[in-house]
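Student: Structure incoming, see below.
The values are calculated or read from the model by the stated rules, or taken from the named source; none is laboratory data. Given the structure is predicted, the values throughout are model-derived calculations rather than measurements. Neighbour counts run over all protein chains shown; Cβ positions are idealised from the backbone, glycine included.
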Amino acid sequence: MLSLVSSQANFPLHSLLQKLTELLKMPQTLLSRLTFALKTISEEMGAEAAFLYLLTPDNYLEVFAAYDPTLHDRHTARFRVGEGVVGFIASTGKSIICDNISHHPNFFYCPGVAEQTNLSLLGAPLLSPRGVIGVLTLQNPASKPFEQWREKALTEISNFLAALPELAHFPVLTPLEGKVERTQLFQGIPLSSGIAVGTAFIHHPHTWKETAFSLNIKDESDRLKRAIREMVDAIDRLVESTPNLEKNMQDVLASYRMIASDRGWIRKMQNYIQKGLTAEAAVQKVRRHTREHYAQIGDQVLKGSLSDLEDLASRLLRHLSGKDSVSEDLPEATILVAHNLGPAELLDYDRRFIKGVVLEEGVHTAHVAIVARALDIPVVGRIPFLLTHVNKGDKLIVDGEEGTITISPSTDALQEAREKITKIKKNQALNKELSNKPCQTLDGIPVSLMLNAGLPIDLHHLEELRIEGVGLYRTEIPFMMRSSFPDVKIQTEIYRDVLDQAKDYPVTFRTLDIGGDKIVPYMWRVSDENPVLGWRGIRVSLDKTTILRGQARALIRASQGKNLRLLFPLVSDISEYREARRHVQQEWDRAQENQTPLPLSLTYGVMIEVPSLVEQLDVLLKEVDFVSVGTNDLFQFFYACDRTNPIVSNRYDILSSSFLRYLRKIRNMCEEANVPVSICGEAAGKPFQALALLALGYHSLSVSGPAAGSLKKMILSLPLKEAEAFMTSALETYSPSLKEDLLAFAKTHKVEV
């Protein structure tokens, strides 16, 4: 095999370093020489601007030299160590690529300096044997991002500059000074439920330069064919070594094997070999083009298949290099950390040691997420720049319930996580124990237990207990997970996926409930001094009717042949419900006119969350098919008490006789009107508070999956008729809290609260 150099594919780093050596020998000031050097680096690296930050005695990164043909006088730009992306690079000692710098969690905007918005940035630390001297950054417009391979080249250039004798007198940041020891919490999305504590292990996919050419095309073509055969055989052996696979997991690996043998994928690689590339370079070329293609796709669900293709490319490169297996020594409790991960890559590792997975990317439909759920491994995804925050050996908490990870957790955080793990195990055992028992009280009165959900991964709880369906599906969560507004096509796919996974269980979709504390990245900014009382819920949908119309259209399309149940949030006046229903009806009529297949039925519900609506309830109940009481908002509006404010959140009790009488009034009005009513707030999921709700006459509760087991246990032990009699008597007089009375009742009657 003969390797040649392509001026486009193989960056001439050695030649650039020689140019820089000559430039820096010129008889000029250090600033002038470095400015010329930055100009050369910019031109050779395809950047429009370059900045060299050096450390000051007071631990600031300050621009020492700059090249930017469009702007001047940026030498005053300063960032503290750890501040902004520049300070972050210095504190971590790691290089970084940002397609858009404003998306980086450490972004810090300072007018008139190098770190602006809508810029693509490539940065690397100047590392000397003494420590970090400074940071070198290159900038482009966001429309012109840097390719991944340039990151390594810039690291080499930065190390070259760090070795300059003229920089020896500048201060340095030692690794100890730069290391961030404090606990860091990052919010992602849950891809597989559960909680794990362990040690970070970084997954590095196998890569190759797109630089090697060969004159022997036939040999390279044969090498690729042989490696593909070996890879497919190895995948088959991997499947065979994983006995008792769940059906979902079998389907995933079958699909994965099909992709590995895909003729289109193989043909693209063979085409590059015909143009003179080596087999490795051809695989890497197709891999990069595939990644760039998927980067243009807005739908995160479709992007999920990219991890399979990345996995296969990495696996194929290993076979080409003769390394067909992962031989890594893992910590006893390993948290696997990766940019992305394919299903077989996860199975490559010894599953006895893998306790959790954290990904920079990832979606709930990705094959790796399905495999992880089958193996009971918690996974959190969509954490930007994860690999710049986590080092091998870091202690991590992975919370697949909340979708968070904690780096370097405190002793208290570790204790809390271990308590959660214990509770989850108890709930799982309880769910299994109670799965075949009908949900009814001790005296035989049936109680409808429904599920609150916000992601398709929540729906596995439907099978764990005899849950009767999804009482509340929060449609806003997919909106909050995205960087741009999902169109009708994407929403249709999301809702169809939900209904498919719910199988024959009924699903109640709550229309978009954003605003307040639920801010989506692309949402219109509104100045609300009190967001809870401001522009949120149905108010947003009615002011931006294209949102409601688009969502209704998507739900109608996704529910073809099924029953569609819609629930409108935060309705304060009956006119809002009527207007929202009118918009949905227009979409129904439009679908009918276009001969679009329709749902079997369409029923409307309203969330009772605002006291003003309770005063209109007698009229509303003549127009709705069902109602659901949201105790969270209703309670805080009833007492004018912000439940997120620690100063006042505990001042009033949800078990006060005045609030319980209010809930009884709602329930009685619904019963008289013969309109089904359920509770979907947090109170329904807490056995002690749920006891009071059942005693008030609410026999339909919608709760989170993890809460269902302990709630069902309470229901099975509750003599409901006696609880109703107790509640009737207790509400005859005022009490700021019935907690102690309810505890006494539960103890006397051996109710499991």
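Student: Quick one: S735 ticks every box in (1) over 31 Å from the mean Cα position of the chain (by Cα); (2) under 28 Å from F509 (Cβ atoms) except a single one, so which number is it?
Tutor: Among (1) over 31 Å from the mean Cα position of the chain (by Cα); (2) under 28 Å from F509 (Cβ atoms), the lone unmet condition for S735 is (2).
Student: What single numbered condition from (1) in the same structural domain as L555 (by TED's automatic domain parsing); (2) surrounded by 20 or more Cβ atoms within 10 Å (Cβ to Cβ) fails to hold for R496?
Tutor: So the condition that R496 fails would be (2).
Student: Residues of region 204-246 being among the charged types (D, E, K, R), surrounded by 13 or more Cβ atoms within 10 Å (Cβ to Cβ) and at pLDDT below 75, which ones?
Tutor: Passing the criteria: K209, E210, E246.
Student: Sort through R643, R664 and tell me the only one that's basic (K, R) and without any contact (Cβ under 8 Å) to a residue 24 or more places away in the chain.
Tutor: R643
Conditions tested, residue by residue: (1) in the same structural domain as N563 (by TED's automatic domain parsing); (2) polar (S, T, N, Q); (3) buried (at least 19 other Cβ atoms within 10 Å of the Cβ).
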| site | (1), (2), (3) |
| --- | --- |
| E576 | yes, no, yes |
| R590 | yes, no, no |
| L598 | yes, no, no |
| I608 | yes, no, yes |
| V624 | yes, no, yes |
| F638 | yes, no, yes |
| S657 | yes, yes, yes |
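Student: Under 6 Å between Cβ atoms, which residue pairs at least 6 apart in sequence (or on different chains) link something in region 46-68 that is assigned by TED's automatic domain parsing to the domain that holds S95 with a partner that is polar (S, T, N, Q) and part of a loop (DSSP other than H, G, I, E, B)?
Tutor: E62/T56
Student: Among the listed residues K712, K665, which satisfies the condition of being charged (D, E, K, R) and at pLDDT 95 or above?
Tutor: Exactly one residue qualifies, and that residue is K665.
Student: Could you list, in sequence order, the residues of region 544-561 that are surrounded by fewer than 17 Cβ atoms within 10 Å (Cβ to Cβ) and among the charged types (D, E, K, R)?
Tutor: K544
Student: Look through region 430-453, keep the residues that are crowded, with 20+ Cβ neighbours inside 10 Å and closer than 25 Å to L191 by Cβ, and return whichever of them is farthest from the chain's Cα centre (by Cα).
Tutor: So, considering only residues that are crowded, with 20+ Cβ neighbours inside 10 Å and closer than 25 Å to L191 by Cβ, the one farthest from the chain's Cα centre (by Cα) is N431.
Student: Further question: Of (1) touching a Phe, Trp or Tyr at 6+ places or on another chain (Cβ under 7 Å); (2) crowded, with 19+ Cβ neighbours inside 10 Å, I666 satisfies all except one. Which?
Tutor: That leaves (1) as the condition not met.
Student: Let me ask another. State all residues of region 668-688 that are charged (D, E, K, R) and either assigned to a helix (DSSP H, G or I) or modelled with pLDDT of 90 or more (or both); if no residue qualifies, say none.
Tutor: E671, E672, E682
Student: Could I ask something else about it? Is one or more of the residues making up region 705-721 assigned to a loop (DSSP other than H, G, I, E, B) and in contact with a strand residue (DSSP E or B) (Cβ under 8 Å, 6 or more places away or on another chain)?
Tutor: For region 705-721, residues assigned to a loop (DSSP other than H, G, I, E, B) and in contact with a strand residue (DSSP E or B) (Cβ under 8 Å, 6 or more places away or on another chain): absent.
Student: Kindly indicate whether any position in region 621-632 is assigned to a loop (DSSP other than H, G, I, E, B) and either farther than 24 Å from K665 by Cβ or touching a helix residue (DSSP H, G or I) at 6+ places or on another chain (Cβ under 6 Å) (or both).
Tutor: Yes, region 621-632 contains a residue that is assigned to a loop (DSSP other than H, G, I, E, B) and either farther than 24 Å from K665 by Cβ or touching a helix residue (DSSP H, G or I) at 6+ places or on another chain (Cβ under 6 Å) (or both).
Student: Looking at region 454-480, which of the residues that are among the acidic types (D, E) and more than 18 Å from the chain's Cα centre (by Cα) is surrounded by the fewest Cβ atoms within 10 Å (Cβ to Cβ)?
Tutor: Among those that are among the acidic types (D, E) and more than 18 Å from the chain's Cα centre (by Cα), it is E463.
Student: Within region 446-465, count every residue that is part of a loop (DSSP other than H, G, I, E, B), modelled with pLDDT of 80 or more and under 17 Å from E493 (Cβ atoms).
Tutor: Within region 446-465, residues that are part of a loop (DSSP other than H, G, I, E, B), modelled with pLDDT of 80 or more and under 17 Å from E493 (Cβ atoms) number 1.
Student: Looking only at region 471-515, which residues are at pLDDT below 90, in contact with a strand residue (DSSP E or B) (Cβ under 9 Å, 6 or more places away or on another chain) and more than 22 Å from G534 (Cα to Cα)?
Tutor: The one that is at pLDDT below 90, in contact with a strand residue (DSSP E or B) (Cβ under 9 Å, 6 or more places away or on another chain) and more than 22 Å from G534 (Cα to Cα): M481.
Student: Shifting gears a bit: Which residues, taken from region 320-366, are crowded, with 20+ Cβ neighbours inside 10 Å, modelled with pLDDT of 85 or more and out of contact with any Leu (no Cβ under 8 Å at 6 or more places or on another chain)?
Tutor: T334, K355
Student: Give the residue, chosen from K489, K437, that is out of contact with any Asp or Glu (no Cβ under 7 Å at 6 or more places or on another chain) and assigned to a helix (DSSP H, G or I).
Tutor: From the options K489, K437, the qualifying one is K489.
Conditions (1) surrounded by 21 or more Cβ atoms within 10 Å (Cβ to Cβ); (2) among the aliphatic types (A, V, I, L, M), marked per residue:
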site: L17; (1), (2): no, yes
site: M26; (1), (2): no, yes
site: E48; (1), (2): no, no
site: Y53; (1), (2): yes, no
site: D68; (1), (2): no, no
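Student: In region 533-585, how many residues are in contact with a strand residue (DSSP E or B) (Cβ under 6 Å, 6 or more places away or on another chain) and among the hydroxyl-bearing types (S, T, Y)?
Tutor: Total meeting the criteria: 1.
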